[in-house]
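**Q** The structure that follows is given in the form of structure tokens.
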Amino acid sequence: MSKVYDVIILGGGPAGLTAGLYAGRSRLSTLIIEKGQDGGQIAITDEIENYPGQIVEGESGPSLIARMTEQAKKFGAERCSDVIKSVELEGDVKKLVGAKGEYQGKCVIIATGAFPKPIGCENEGKFTGKGISFCATCDAAFFEDFEVYVVGGGDSAVEEAMYLTKFARKVTIIHRRDELRAAKSIQEKAFANPKIAFMWDSVVTKVDGDELLSSMTVKNVKTGELTVVEADEDDGLFGLFGFIGYNPNSKLFEGMLDMENGYIKTDDNMHTNIPGVFAAGDIRVKSLRQVVTAAADGAIAAMQAEHYVSNH
């Protein structure tokens, strides 16, 4: 591709789409590259309650993202679906090589986000999609009237556990500590929910079954005691959902950009250590990873990109 864009945005989540909206509105020639569906993590979130200006009666991740996508499109951001394999970020023109082609831009905004951490138990890969899931919104309906287990103790784990109670007959939260890390308001709702039970000080060490997940071994981290959980005989299977955090999608930039635990370091204006390269959203080092902070990052990154392009 011979065209040199003013700005190329990697990622179509809230940070990338907001960057696209602001960049397009600033009359920058803008390309958003996304390898999958728009939205990132938020696309698989059933209910959003804390995004300012959302539909108060009920907002889902997909409904919010659909409007963000339309806004970015309205202001002229071009779109491309591709998987980027390598990048050259130094110099006046940055080059991105994808499976489908090459892309050039005067500056790049990295908004590639993060993906769920694995549970870390034996046989996990074998049963992913066959009882193990990382997305309650996607897979809850498969476990209508079954028992499910949720690994984790933070906000998303407890919120997803509560969502699962709409489908499952019983939801057990398995947490490696003896108290939850979720916000107190979320904890109160969970403790008041008669369908939710808890396995404290526990980790899943192994999962098993024939074709589908029907057995798991849970270890008490304080006593070392092992408990084998078997599916109800009439059910033949149960669900296991992992919500123990995320890994940053930053492997492509290792050795080029300054990082901390895989997250890209930026200043307050989203500048990385390479001129003309910015990072926004869940991919960067920050204290709060939410849609509202991702959107703010995207807006700042786009305006900094506009300033960079105008001065180079």
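The values are calculated or read from the model by the stated rules, or taken from the named source; none is laboratory data. This structure is a prediction, so every number in the text was calculated from the model and none was measured. So basically every Cβ, Gly included, is an ideal-geometry build from the backbone, and we count neighbours across all protein chains shown. These area figures cover heavy atoms from the full protein model, side chains too; ligands, DNA and RNA do not enter into them. Shrake-Rupley method; radii C 1.70, N 1.55, O 1.52, S 1.80 Å.
**Q** Using just the alpha carbons, could you tell me how many Å³ per residue the convex hull of region 220-312 encloses? Working shown, then result.
**A** Working: hull volume 16.2 nm³, N = 93.
So the per-residue Cα hull volume is 174 Å³.
**Q** Based on the Cβ-Cβ distance of Asp145 and Lys85, what FRET efficiency does E = 1/(1 + (r/R0)^6) give at R0 = 41 Å, to the nearest 0.05?
**A** Working: r = 44 Å, r/R0 = 1.08.
After rounding to 0.05, the efficiency reads 0.40.
**Q** Between Asp235 and Asp208, with labels modelled 7 Å along Cα→Cβ, what's the label distance in nm to one decimal, could you check?
**A** Between Asp235 and Asp208, the simple spin-label model gives 1.8 nm.
**Q** Right, next: Going by a 4.7 Å Cβ-Cβ cut-off, which cysteines of the chain have no partner at all?
**A** If one checks each Cβ against the other cysteines of the chain, Cys80, Cys107, Cys121 turn up with nothing under 4.7 Å.
**Q** Still on this structure, please answer the following. Roll a 1.4 Å probe over the protein heavy atoms and report the accessible area of Cys80 in Å², nearest 10.
**A** The accessible area comes out at roughly 30 Å².
**Q** Could you give the length gained by full extension between Lys166 and Lys126, i.e. 0.36 nm per residue of separation minus their alpha carbon distance, to one decimal place? Before the final figure, lay out the partial values.
**A** Values: separation 40, 0.36 × 40 = 14.40 nm, distance 2.70 nm.
Once the chain is fully extended between Lys166 and Lys126, it gains 11.7 nm.
**Q** Solvent-accessible area per residue for the chain at a 1.4 Å probe radius, Å²? Mind showing how you got there, number by number?
**A** On the way: 15080 Å² over 312 residues.
Accessible area per residue: 48 Å².
**Q** Could you compute the FRET efficiency for Arg177 and Glu47, with r as their C-beta to C-beta distance and R0 at 30 Å, rounded to 0.05? All intermediate terms of the calculation are to be shown ahead of the outcome.
**A** Numbers: r = 26 Å, r/R0 = 0.85.
Given R0 = 30 Å and the Cβ-Cβ separation, E is 0.70.
**Q** Also, quick follow-up: DSSP loop trypsin sites (Lys or Arg not before Pro) in region 72-127 with at most 14 other Cβ atoms within 10 Å of their Cβ, which ones? Provide the component values of the computation, followed by the final result.
**A** Values: sites: Lys73, Lys74, Arg79, Lys85, Lys94, Lys95, Lys100, Lys106, Lys126; in loops: Lys100.
Filter output for region 72-127: Lys100.
**Q** Would you calculate the separation in nanometres between label points at Val292 and Thr223, each defined as 7 Å from the Cα along the Cα-to-beta-carbon direction?
**A** Roughly 4.3 nm, to one decimal.
**Q** Further question on the same structure: Could you rank Tyr22, Tyr51 by how accessible they are, 1.4 Å probe, largest area first?
**A** Working: Tyr22 95, Tyr51 50 Å².
I get Tyr22, Tyr51, largest accessible area first.
**Q** Using only the alpha-carbon atoms of region 89-232, report the extent along each of the three principal axes, biggest first, to the nearest angstrom.
**A** On the principal axes, region 89-232 reaches 59, 40, 33 Å in Cα extent.
**Q** Between region 27-51 and region 127-162, what is the C-alpha centre distance in whole Å?
**A** Answer, in whole Å: 22.
**Q** Let me ask something else. With every protein chain kept in the model, how would you rank Arg27, Arg284, Arg176 by accessible area, 1.4 Å probe, largest at the top?
**A** Working: Arg27 190, Arg284 30, Arg176 135 Å².
My answer, sorted largest first, is Arg27, Arg176, Arg284.
**Q** When a/c reaches 1.5 or more, the comparison of a/b and b/c decides; with that in mind, is the chain rounded, prolate or oblate per its Cα gyration tensor?
**A** On the way: a/c = 2.28, a/b = 2.00, b/c = 1.14.
Cα axes put the chain in the prolate bin.
**Q** Still on this model: When the accessible area of the chain is split by element with a 1.4 Å probe, what percent falls to carbon and sulfur?
**A** Numbers: 7380 of 15080 Å².
Carbon and sulfur atoms account for 49 percent of the accessible area of the chain.
**Q** Compare Pro116, Pro275, Pro52 in a GNM of the chain, Cα atoms joined below 10 Å, and give the one with the largest fluctuation.
**A** Pro52
**Q** Which residue fluctuates most in the GNM of the chain (Cα springs below 10 Å): Gly24, Gly153, Gly236?
**A** Gly236
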